[in-house]
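Let me begin by presenting the structure, written as structure tokens, before commenting on it.
Rule-based calculations on the coordinates, nothing more; no lab input. Here the structure is a predicted model, which means the values were calculated and not measured. Note that we place each Cβ from the backbone using ideal geometry, even for glycine, and neighbour counts take in every protein chain shown.
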Amino acid sequence: MTHDPEIHRRRSIRLGGFDYSSAGAYFITVVVQGGLCLFGVVDGEMRLSGAGEMVRRVWEGMAERFPHVVMDEFVVMPNHVHGVVFLRQMAQATDASTGETARDVPKLGDVVREFKSLTTVEYGKGVRGLGWERLWQRNYYERVIRNESELRAVREYIVNNPRNWELDRENPGGGGGG
């Protein structure tokens, strides 16, 4: 079958017309390809595997790559990651400390793409030759956080996610709740 853009067009899950380079807080979820539980197990709390520890380290190091980004509350779950990303506004046209101009400030998609790329490279180093599938599903989920009460609720959701694993729709052994 040949590619027909009208039939095979992917629908965007992004908020139409929204500028994802604008300063603000974003709640993201990145899911493992096929829902495989590669990052550890929940046994009252999240116990990270080696791959889960690697994902945690990469998340915590993202601010070094993106000086105008704050990687806030996050949790690595057995088959997905939830986190809050803050994109900060450039104070001036050019930031003297980094040499970045306003157009160099990353979009949310740039940050997520880099996170997925770095974790995939690191993951690949540990599994060369084993024929494992891709680490991440295509795309990611996001929600624009519009105020402090939403931010508090998202942070609470992230912190409590391991406790609620049995009800999580990403849990292949149970779930359904969210």
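Observations
- Least to most buried among LEU108, LEU151 (fewest other Cβ within 10 Å first): LEU151, LEU108
- Maximal additional length on extending the TYR157-ARG57 stretch stands at 33.9 nm, based on 0.36 nm per residue less the C-alpha distance.
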